[in-house]
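Down below is the structure, laid out as structure tokens.
The values are calculated or read from the model by the stated rules, or taken from the named source; none is laboratory data. Since this is a predicted model, take the numbers as computed values, not measurements. Virtual Cβ from ideal backbone geometry, glycine too; neighbours counted across all protein chains shown.
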Amino acid sequence: MYVGVCRVFVTSFFFLCVCVYTPLFPLVSGVFSHEGEIAACVREGRDLVSGMETALDASDQAALTRMYVKQHKLNEIFAHFLQLLIYHKPENPRAFLQREIRLMIATKTSTPLFGEQDLETMFDLIDVTKQRWVTVSQLRNTCKNLATAAGEGSIGLSPAQEEAIEHAADEEGHVSVEKFKEVLAMQLLTRDIWKE
């Protein structure tokens, strides 16, 4: 519970620091909400949930905030932005985020953190014997570890991922670098925060 509240606070603080005080705020608010409702609420100083009394008690406000954050996938969006910042370490984070937001709006996809070279490096780290293959269990453990690191540990692997893992091995039970990259690409490269 405490971690969830901290996550909401950190993402909200990040949103206020980076987005509200930039000229991109109307552009960003259009991405995160329909009809720019956040921008209008901030300008007018009214409650984010239209039609609701502002005299809600703290637990109702917290529940509404959690629902709003979940509905608009704000945690996923902010986590992605923070990951991009940590990975790229730009000299001007604000300009970098502005470019990323414009790119996300234009393409309706997020910039992947991992490229093909990164997936090959992962394979090389797991293939310590340099035989150019890994086992199905090594592939499954890699996928589970990546899901846990992304905060998806309680959900586990999707049926599509499990099926891809099972079909990745040849008749001897070996997973080649190409199949390894194919399975991990499902998890790392095609993550789409725009799906409703």
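So here's what we get for this one:
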read-out	value
Exclusive hit being at pLDDT below 85, surrounded by 12 or more Cβ atoms within 10 Å (Cβ to Cβ) and farther than 25 Å from residue 71 by Cβ, set 113, 184, 189	189
Some residue of the stretch 122-138 being among the β-branched types (Val, Ile, Thr), exposed (fewer than 11 other Cβ atoms within 10 Å of the Cβ) and farther than 15 Å from residue 178 by Cα	yes
Residue in the stretch 95-108 that is at pLDDT below 90, surrounded by fewer than 16 Cβ atoms within 10 Å (Cβ to Cβ) and of a type outside the set (A, V, I, L, M) present	yes
Subset of the stretch 81-138 (residues that are over 30 Å from residue 170 (Cβ atoms) and either hydroxyl-bearing (Ser, Thr, Tyr) or touching a Gly at 6+ places or on another chain (Cβ under 9 Å) (or both))	87, 105, 107, 109, 110, 111
Unique match (being of a type in the set (Val, Ile, Thr), surrounded by 14 or more Cβ atoms within 10 Å (Cβ to Cβ), at pLDDT 50 or above and under 16 Å from the mean Cα position of the chain (by Cα)) among 86, 77	77
Selection status of residue 117, assigned to a helix (DSSP H, G or I), at negative phi and in contact (Cβ under 8 Å) with a residue 24 or more places away in the chain	no
Residue satisfying condition, being modelled with pLDDT under 90, over 27 Å from residue 76 (Cα atoms) and out of contact with any strand residue (DSSP E or B) (no Cβ under 8 Å at 6 or more places or on another chain), within set 178, 152, 162, 166	166
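This table checks each residue for (1) touching a residue at least 60 places away in the same chain (Cβ under 8 Å); (2) polar (S, T, N, Q); (3) assigned to a helix (DSSP H, G or I); (4) in the same structural domain as residue 184 (by TED's automatic domain parsing).
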site: 61; (1), (2), (3), (4): no, yes, yes, no
site: 66; (1), (2), (3), (4): yes, no, yes, no
site: 77; (1), (2), (3), (4): yes, no, yes, no
site: 80; (1), (2), (3), (4): yes, no, yes, no
site: 83; (1), (2), (3), (4): no, yes, yes, no
site: 90; (1), (2), (3), (4): no, no, no, no
